[in-house]
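See below for the structure under consideration.
The values are calculated or read from the model by the stated rules, or taken from the named source; none is laboratory data. This one's a predicted model, so the numbers in the text were calculated from it and none came from an experiment. Backbone-built Cβ (ideal geometry, glycine too); neighbour counts: all protein chains shown.
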């Protein structure tokens, strides 16, 4: 089988040949497109390390067949910063010690970006924790992650206000 | 994962034609199917990708007040759909208590109905499993079975159905619309999943090639909106399958229960609807004694299938609590932890919070 799909990856339109329908979005990113920032943890949708944005929504890239995604927009951890300027979520994870070993961090950060866009948490730490529950951190940096998401959410809202003005 | 032919049909009729070949499966988001394929539990020859089929991703309100949910509507979109969540709050609460935000963003309504059991022996190819490989036996019977079925199980299979969403669907008489090689038909969600009997491999009432195109919840279910809850006990606070779950819904008039709806999750190979328990509440005043009696009736036929006798008492208590919370009223705002067994209502006798500081 050979199939060609068009993807906008971090804002860049690319045509990608899929030579095997078994390729997941995660493996496509890591093994074929040299975007290794997205991590493979469990590869079964249980840990969240592979979280990316698909058409603006956070999903597990390990449980998504690449062949199914013609025309989609994908945002990975590599697509968040603007040059040397970190995305507010990235900056907040550093400021609040939202990680230790760092392996789950790209997934945590992409999940947080998705959570903020969904707009369901408000400023309630309990809601942040519940809505970050799809991302497991074996180092146990959850306290810092919750604080980082709360602060980043304020920063993103502030940036939106500035942009609108 | 085995090799397979990948087909992306452009219409429902093309999809049905493609999937009528033996060894075919439908692929929607793949959140369950790809997991099964990676483990070798599912080994399809042909994968029919239905994600591009037009018109299956809509939520429509019909003239008679019922709602028709397209099979490709994402779980998160349905749970956060404002009119849907206020009309069927227990269904929204069940959806939000399931899986993780990432999975809910992807997983579809049709796929949720068709998800397979999470029994570890079903997933472990080295284990005997009548559901996966008919006639091989059931290693769960003498294995780690504290989370297995306490109702409707047989010597051939003691697996449970993992869905949260399906539990209120059964309580509210939802039906699925199916299209297939022999045309269109409707199936009650209650009749979709089968008890194992002596053929646990026949998990669903669907025929080869049949495709779920929509789920309908009847207008009558909206009458329960002010007093409807879904509660779920898990082994960790969030992102876990139910040990036991329960939906309870009351239609109240002048202090009397006009009718009650109850269904249990995590206890059987299908969502379990104890109609005798429901009937015992109709026409009665809501009382603690009445709720306890209904819970006793709901679990009257239960028996342990292994080290899981505790689930029977747990389920009994959860039914009482779900009825108690339903009586307190549907919360105005979805709780921070949907389906938590602790009440968020001011003045409730049962309070509590996440056990995370």
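Observations, loosely collected:
- Condition check for residue B:285: in contact (Cβ under 8 Å) with a residue 24 or more places away in the chain, exposed (fewer than 13 other Cβ atoms within 10 Å of the Cβ) and at negative phi: yes
- Residues in segment A:45-56 that are within 20 Å of residue B:49 (Cβ to Cβ) and surrounded by fewer than 17 Cβ atoms within 10 Å (Cβ to Cβ): A:55 alone.
- Annotation: residue B:93 fulfils all but one of (1) assigned to a helix (DSSP H, G or I); (2) in contact with a helix residue (DSSP H, G or I) (Cβ under 6 Å, 6 or more places away or on another chain); (3) within 14 Å of chain A (Cβ to nearest Cβ); the unmet one is (2).
- Considering (1) away from chain A (no Cβ under 13 Å); (2) in contact (Cβ under 8 Å) with a residue 60 or more places away in the chain; (3) under 30 Å from residue B:220 (Cβ atoms), the lone condition that residue B:28 does not fulfil carries the number (1).
- Complete set of residues in segment B:63-87 that are in contact with a strand residue (DSSP E or B) (Cβ under 6 Å, 6 or more places away or on another chain) and either at pLDDT below 95 or farther than 19 Å from residue A:118 by Cα (or both): B:66, B:67, B:68, B:69, B:70, B:71, B:72
- Output for segment B:23-79, where each listed residue is over 30 Å from residue B:127 (Cβ atoms) and assigned to a helix (DSSP H, G or I): B:76, B:77, B:78, B:79
- Residues being buried (at least 24 other Cβ atoms within 10 Å of the Cβ) and over 29 Å from residue B:221 (Cβ atoms) - total across segment B:103-130: 5
- Criterion applied to A:36, A:17 was being free of Cβ contacts under 8 Å to residues at least 60 places away in the same chain, over 17 Å from the mean Cα position of the chain (by Cα) and either more than 9 Å from chain B (Cβ to nearest Cβ) or assigned to a strand (DSSP E or B) (or both), and the one residue passing it is A:17.
- You will find that of B:185, B:258, B:216, B:229, the residue that is farther than 19 Å from residue B:321 by Cβ and touching a helix residue (DSSP H, G or I) at 6+ places or on another chain (Cβ under 9 Å) is B:258 and no other.
- Single match in A:5, A:59 (criterion: in contact with a helix residue (DSSP H, G or I) (Cβ under 8 Å, 6 or more places away or on another chain), part of a strand (DSSP E or B) and surrounded by fewer than 19 Cβ atoms within 10 Å (Cβ to Cβ)): A:5
- Hits in segment A:134-157 - residues which are surrounded by 21 or more Cβ atoms within 10 Å (Cβ to Cβ) and more than 14 Å from residue A:91 (Cα to Cα): A:134, A:135, A:137, A:141
- Residues of segment A:119-148 that turn out to be in a helix (DSSP H, G or I), within 12 Å of chain B (Cβ to nearest Cβ) and in contact with a helix residue (DSSP H, G or I) (Cβ under 8 Å, 6 or more places away or on another chain), as a count: 6
- Hits in segment A:89-104 - residues which are free of Cβ contacts under 8 Å to residues at least 40 places away in the same chain and surrounded by fewer than 16 Cβ atoms within 10 Å (Cβ to Cβ): A:94, A:101, A:102
Here is a yes/no grid of residues against (1) in contact (Cβ under 8 Å) with a residue 60 or more places away in the chain; (2) outside any loop (DSSP other than H, G, I, E, B); (3) surrounded by fewer than 24 Cβ atoms within 10 Å (Cβ to Cβ):
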| residue | (1), (2), (3) |
| --- | --- |
| B:149 | yes, no, no |
| B:159 | yes, no, no |
| B:178 | no, yes, yes |
| B:185 | no, yes, yes |
| B:198 | no, no, yes |
| B:222 | yes, yes, yes |
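- Residue match in segment B:63-71 (condition: farther than 26 Å from residue B:18 by Cα and free of Cβ contacts under 8 Å to residues at least 40 places away in the same chain): yes
- Hits in segment A:62-86 (condition: surrounded by fewer than 22 Cβ atoms within 10 Å (Cβ to Cβ), assigned to a loop (DSSP other than H, G, I, E, B) and in contact (Cβ under 8 Å) with a residue 40 or more places away in the chain): A:70, A:71, A:72
- Just one of the listed residues (B:302, B:339, B:326) is modelled with pLDDT of 95 or more and in a helix (DSSP H, G or I), namely B:326.
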